[in-house]
Amino acid sequence: MRSHRDEFSMDFNTASRRNAARRARRLLSLAALLSGIVALTGCPSADAPNEGDGGIGEVCDDLLDNDFDGNADCLDTDCAANPACELAGGGGVGDACEGDDDCEGDLRCFADNDNNQFCVQICSVAANDCPDGQDCVAVDGDVGFCDFREGEPEANPEANPEGQPEANPEPEPNPEPEPNPEPEPQPEPEPQPEPEPQPEPEPQPEPEPEPPGDEVCDNNADDDNDGLSDCLDPDCALELNCVPPDEICNNNVDDDDDNAVDCFDADCVNAPNCLDPDLEICDNNADDDNDGAIDCLDADCAADPTCAPPGDEICDNNVDDDDDSAVDCLDADCVADPACLNEGATPIAAPGQSVTLSGSIDDTDTTWDRPSEGCLAGDGNDHFFDVFELVNNTGAAQTLTITAAWGGDGFLHVFSPPFDPAVLDTCLGGNDDFNGLGASQLLGPIAPGEVIVVIASTFAPDDAIGPYTIEVLTDVQPELDCGDGLDNDGDGAGDCLDDDCALDPACENFTAQICDDPLIITRTGPLVGSTEGLVDNQTGSCQQTSGAEAVWVFQLNGDNTVCLDTFGSTFDTTLYVREADCAEGTEVACNNNANNGTQSQVEFAATADTTYFVFIDGADGQGGDFNLNFRLTPCAQEPAPEVCDDNDDNDFNGDFDCADAACVDDPACTPGLCANPLIIAAVGAQEGDNAASANNHEGSCGGTSGNEDIWAFLITADSTVCVTTAGTGFDTVLYAREAGCEAGAEVACNDDASFFETTSQIEFDALADTPYFLFVDGFGADESGPYTLNFDFGPCP
């Protein structure tokens, strides 16, 4: 039976439950009496004995505790399966039950003489641990169940069938209190004997202290009782949290917490920046020796490997060897490298020029399920197609305009390689008709070294459309990255100096504090830039009113004479130089107008290892594009006259030969002569008139007595070119020379394009970066006048 201290008591809330409990109490009292009689007489039970009860088994319907285990009849677990105990119960106090499992909480299932079983609350008689208003009625020894106290009113279900509460009876009057009797005198207390002395307690041995544990090095406690805690204990010398960090000798921080910073710390005795205060560290972006020159601009770093110039680009190692942000075949240095030649791919033309692809679509061509313009799956039919590959070997990013002229109704697609007709993942785009006339066109970028695949196919399935041509026109992209330090579009202005970057977020603060971000002069020769968008922060001593200025900086490893000029700039410039400090440094030179012109020139003796700041300013607030020419030679005291056909800037004004105003009337600069050839800047028709031209040249196929005009072109990638005079009204002779106008090798010459024509046509393979000169001549002395010169890439039709 459970301990009474583990039981829960509950209140009997209804009169029927109180009556049942009282009835159970009387029955249990009788059961206790009978169990005592049985114990005296030793009469055996009629039920079979249970194991462990001394041979006496529980009889489940005699109200006796036959096996003396403290539980009678259905209160005994031995009777759980007895039919006499199988009644349906609800589980609450006084509810019907079949066994203890049917009662809630710690209630027990009880059976009376009529085999009515109900749940009762077990309690301790001695502790009387029942709820207020209830008593613990003994069942067996000190164990009983809770019932309402004797004398409390019971509900009379007959008199009050509706269960309404009865009126309270009149209270009986309290009896008059009796007077307290007089207290009797108490006898005198007897004297107590003296206590006997207690023996001294024997001394107990002192407990031995527990041995200390190992020191824990991060808990702020002395774990091993040696008077030292954590990292102060030698036991922690090798713990990671107790090993001090190394001192960094140039960060102005006490890294190892020894109260000595950088070179004041003994750990830094041999650090390079602590050995000699005059020694420059070449890779920390600081002026360590305070001489105004930082890192590789300091002469101390001339032999440092950090400052060594980059090597040539290796075209197949996936490394930017020359530090120009272009790797391998994306670098212009690798255009002609075998590693970057794409076998079978047609190189695109130089900027502003084009190449022509041609073919014929017929029923012998391969077929594919042509995708849509948006590169979606096709219509499930077979379409004939041809494939072309293009490669960008120009060394710069380009924009392509690919236009197809069809014999029938064609369809144009562009893919990334490798091309697989069954795979659409590499499709970049398609076009059927862009102008309403049946032609197809696609536009898009192509990176340096990139290969694209052009697909010519039919609009309708099983349609043989015959011959077609595809023109691929090349144009230079604008400045691609306004913060990469490169002149991406090759126009002489990089990053924020390029007008293409005017609205780029990278250039938002470009004009602020320009002294803190000067451009660096790294070589002699011409430099270009613009003061557009800059601010007016500085003024030279030689100008009254200044404009926005651009600032450049340089430093020399040895003493030398420096000559700077702005010849060739588009506005009235002022040029001045300061030493050591940009904003407050000593001015060493200043000039407004040189040679009585609007350009500026200064010359001064530059000292080795000194920083010089160069300002290109505008006189009277002017600004625009400028040239800055930097030379380590004295400036000419008197400018030399310009020689108009030697390809040099003799008078150092920024313009040379026929571009110099001094050569306007020079015979060598008559348009169409070798000294001043006409320039082919785009594919297509070039118009001219050689009626007033001179007769200085002739070709191997004619032109002895006719006047000629001379045109020139230069391409950046090898290509076949086709040149004709179709559309000209007189008998022409057309020839081309390579590398030199006067004495260059003739590479092609033609008098008549066919037996029935008097116009001319030549085709030849032109090399990249090689100048070619085209001569439009007359066959006879009277053969001259207006003409058309047609220029295109690819074989002649």
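Consider Ala583 carefully, then state whether it is open to solvent by 30 Å² or more (accessible area, probe 1.4 Å), touching a strand residue (DSSP E or B) at 6+ places or on another chain (Cβ under 9 Å), assigned to a loop (DSSP other than H, G, I, E, B) and under 17 Å from Leu534 (Cα atoms).
Values: open to solvent by 30 Å² or more (accessible area, probe 1.4 Å): yes; touching a strand residue (DSSP E or B) at 6+ places or on another chain (Cβ under 9 Å): yes; assigned to a loop (DSSP other than H, G, I, E, B): yes; under 17 Å from Leu534 (Cα atoms): yes.
The answer is yes for Ala583.
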Inside the range 644-665, can you point out the residues that are modelled with pLDDT of 80 or more and either under 28 Å from Asp581 (Cβ atoms) or of a type outside the set (Gly, Ala, Ser) (or both)? Cys644, Cys663, Asp665
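Considering the range 266-282 alone, what residues qualify as being surrounded by 13 or more Cβ atoms within 10 Å (Cβ to Cβ), at pLDDT below 80 and part of a loop (DSSP other than H, G, I, E, B)?
Once the filter is applied, which keeps residues that are surrounded by 13 or more Cβ atoms within 10 Å (Cβ to Cβ), at pLDDT below 80 and part of a loop (DSSP other than H, G, I, E, B), the range 266-282 yields Ala271, Leu279.
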Report whether or not Thr728 is under 57 Å from the mean Cα position of the chain (by Cα), open to solvent by less than 30 Å² (accessible area, probe 1.4 Å), polar (S, T, N, Q) and modelled with pLDDT of 95 or more. no
Which numbered condition Phe459 fails, given (1) aromatic (Phe, Trp, Tyr); (2) modelled with pLDDT of 70 or more; (3) more than 30 Å from Asp369 (Cβ to Cβ): (3)
Expected single match for of a type outside the set (Lys, Arg), modelled with pLDDT under 75 and within 30 Å of Ala302 (Cα to Cα) among Leu497, Leu575 is Leu497
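So which residues in the range 697-711 are farther than 30 Å from Asp475 by Cα, among the acidic types (Asp, Glu) and crowded, with 20+ Cβ neighbours inside 10 Å?
So in the range 697-711, the residues farther than 30 Å from Asp475 by Cα come out as 697-708.
Cutting the leftovers down to among the acidic types (Asp, Glu) gives us 698, 708.
Residue satisfying the conditions is Glu708 alone.
For the range 670-687, give me each residue that is small (Gly, Ala, Ser), touching a Gly at 6+ places or on another chain (Cβ under 8 Å) and surrounded by fewer than 20 Cβ atoms within 10 Å (Cβ to Cβ).
Pass one, the range 670-687, residues small (Gly, Ala, Ser): 672, 675, 681-682, 684-685.
Now narrow it down to the ones that are touching a Gly at 6+ places or on another chain (Cβ under 8 Å): 672, 681-682, 685.
Answer for the range 670-687, where residues must be small (Gly, Ala, Ser), touching a Gly at 6+ places or on another chain (Cβ under 8 Å) and surrounded by fewer than 20 Cβ atoms within 10 Å (Cβ to Cβ): Ala681, Ala682, Ala685.
Which one is least open to solvent (accessible area, probe 1.4 Å) among residues in the range 409-428 that are of a type in the set (Gly, Ala, Ser) and under 14 Å from Phe385 (Cβ atoms)?
Checked the range 409-428; the qualifying residue least open to solvent (accessible area, probe 1.4 Å) is Gly410.
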Go through the range 378-402 and give me each residue that's among the hydroxyl-bearing types (Ser, Thr, Tyr) and open to solvent by 30 Å² or more (accessible area, probe 1.4 Å). Thr399, Thr401
Please find, within the range 610-643, the residue that is modelled with the highest pLDDT out of those that are open to solvent by 50 Å² or more (accessible area, probe 1.4 Å) and within 30 Å of Asp300 (Cβ to Cβ). Pro634
Search the range 126-155 for residues that are at positive phi and pair each with any residue that is at pLDDT 75 or above and of a type in the set (A, V, I, L, M) when their beta-carbon atoms are under 9 Å apart and the residues are at least 6 apart or on different chains. Gly141/Val125
If I go through the range 126-146 residue by residue, how many of them are under 16 Å from Arg108 (Cα atoms) and either aliphatic (A, V, I, L, M) or modelled with pLDDT under 70 (or both)? 5
Take Pro786 and tell me if it is open to solvent by 10 Å² or more (accessible area, probe 1.4 Å), touching an Asp or Glu at 6+ places or on another chain (Cβ under 8 Å) and over 30 Å from Cys334 (Cβ atoms). yes
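Taking strands (runs of 3 or more DSSP E) that do not extend beyond the range 706-797, which have at least 1 residues that are touching a residue at least 40 places away in the same chain (Cβ under 8 Å) and more than 17 Å from Thr356 (Cα to Cα)?
Details: elements: 708-713, 719-724, 732-738, 745-750, 761-766, 772-778, 786-793.
Filter on the range 706-797 gives 708-713, 732-738, 745-750, 772-778, 786-793.
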Tell me, please, whether a residue that is under 14 Å from Phe626 (Cα atoms), of a type in the set (Asp, Glu) and at pLDDT below 85 can be found in the range 525-544. yes
Take the range 675-702 and flag every residue that is among the hydrophobic types (A, V, I, L, M, F, W, C), at pLDDT below 85 and within 13 Å of Cys741 (Cβ to Cβ). Ala675
Please tell me if Asn595 is touching a residue at least 12 places away in the same chain (Cβ under 8 Å), open to solvent by 20 Å² or more (accessible area, probe 1.4 Å), in a strand (DSSP E or B) and not aliphatic (A, V, I, L, M). no
From the list Asp295, Asp230, Asp262, which residue is buried (at least 18 other Cβ atoms within 10 Å of the Cβ), over 37 Å from the mean Cα position of the chain (by Cα) and at positive phi? Asp230
Leu714: within 60 Å of the chain's Cα centre (by Cα), surrounded by 21 or more Cβ atoms within 10 Å (Cβ to Cβ), of a type outside the set (Lys, Arg) and farther than 24 Å from Thr469 by Cα, yes or no? no
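The values are calculated or read from the model by the stated rules, or taken from the named source; none is laboratory data. Everything numeric in this text was worked out from a predicted model, so none of it was measured. Glycine gets a Cβ as well: all are built from the backbone with ideal geometry, and neighbour counts include every protein chain shown. Accessible surface is based on the protein model in full, side chains and every heavy atom, while ligands, DNA and RNA are left aside. Shrake-Rupley method; radii C 1.70, N 1.55, O 1.52, S 1.80 Å.
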